[in-house]
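Here's the structure we're looking at; comments come further down.
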Amino acid sequence: MSHDRSLATPAFPDDDGSLDPVLAAAFDEFDSAGDPTAVLGALCTVRVIVPVIALLGETPTEGDKDADMAAVFMTGADGRKALLAFSSLDAMHAWDPRARPVPIFAHDAARAALDEDAGALLIDLGGAHFTVVETEDLGHLAAGHRLVQSAAGAAWVTS
């Protein structure tokens, strides 16, 4: 009997976890102009890294600890929940060297945040380029819309 099994092709086969050049340029533009539009626009097309950490379970088995892996959500003082994501492995490891990386498109991370009733996506928490994507921007990013510059300013467009 023959079983034709295959694994899905990785979305990021050559990814070494470095900061995406498109996002790096957007961070530079933000640093010089103070306008987050470039960063939001870059997030429409780039990969981010969602950290996954081990949570010890309640029923250890003989010789082993029971652990579950979970994405990291934070809850603000106002009660709002946010999903953590990082622009690179270095940024994630600066936050927690034990976290495991899950590379994912930023729009998929935004969708995951909304699926878990979070109101924000936090990029590079504690880093030099800490970015919060929330409210309407989070919804547009999750929907796969693109942020473009026009004569009237930045605008979200559908594909």
Condition broken by Val148, with the remaining ones in (1) in contact (Cβ under 8 Å) with a residue 60 or more places away in the chain; (2) over 12 Å from Leu40 (Cβ atoms); (3) outside any helix (DSSP H, G or I) satisfied: (2)
Check on Glu116, surrounded by fewer than 20 Cβ atoms within 10 Å (Cβ to Cβ), within 25 Å of Leu55 (Cα to Cα) and among the charged types (D, E, K, R): yes
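Per-residue answers, yes or no, for (1) at pLDDT 95 or above; (2) more than 21 Å from Ala38 (Cα to Cα); (3) in contact with a strand residue (DSSP E or B) (Cβ under 7 Å, 6 or more places away or on another chain); (4) not β-branched (Val, Ile, Thr):
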position: Thr59; (1), (2), (3), (4): no, yes, no, no
position: Arg80; (1), (2), (3), (4): no, yes, yes, yes
position: His107; (1), (2), (3), (4): yes, no, no, yes
position: Asp115; (1), (2), (3), (4): yes, yes, no, yes
position: Val148; (1), (2), (3), (4): no, no, yes, no
position: Ala154; (1), (2), (3), (4): no, no, yes, yes
position: Val157; (1), (2), (3), (4): no, no, yes, no
The one condition in (1) among the basic types (Lys, Arg); (2) at pLDDT 95 or above; (3) surrounded by fewer than 17 Cβ atoms within 10 Å (Cβ to Cβ) that Arg98 fails to fulfil: (2)
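Of these, Ala24, Ala38, which one is modelled with pLDDT under 95 and either within 30 Å of Trp156 (Cβ to Cβ) or surrounded by 15 or more Cβ atoms within 10 Å (Cβ to Cβ) (or both)?
Testing whether each residue is modelled with pLDDT under 95 and either within 30 Å of Trp156 (Cβ to Cβ) or surrounded by 15 or more Cβ atoms within 10 Å (Cβ to Cβ) (or both) leaves just Ala38.
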Lone unmet requirement of (1) surrounded by fewer than 13 Cβ atoms within 10 Å (Cβ to Cβ); (2) within 20 Å of Asp31 (Cβ to Cβ) for Asp137: (1)
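The values are calculated or read from the model by the stated rules, or taken from the named source; none is laboratory data. Given the structure is predicted, the values throughout are model-derived calculations rather than measurements. Reconstructed Cβ throughout: ideal geometry from the backbone, glycine too, with neighbour counts over all protein chains shown.
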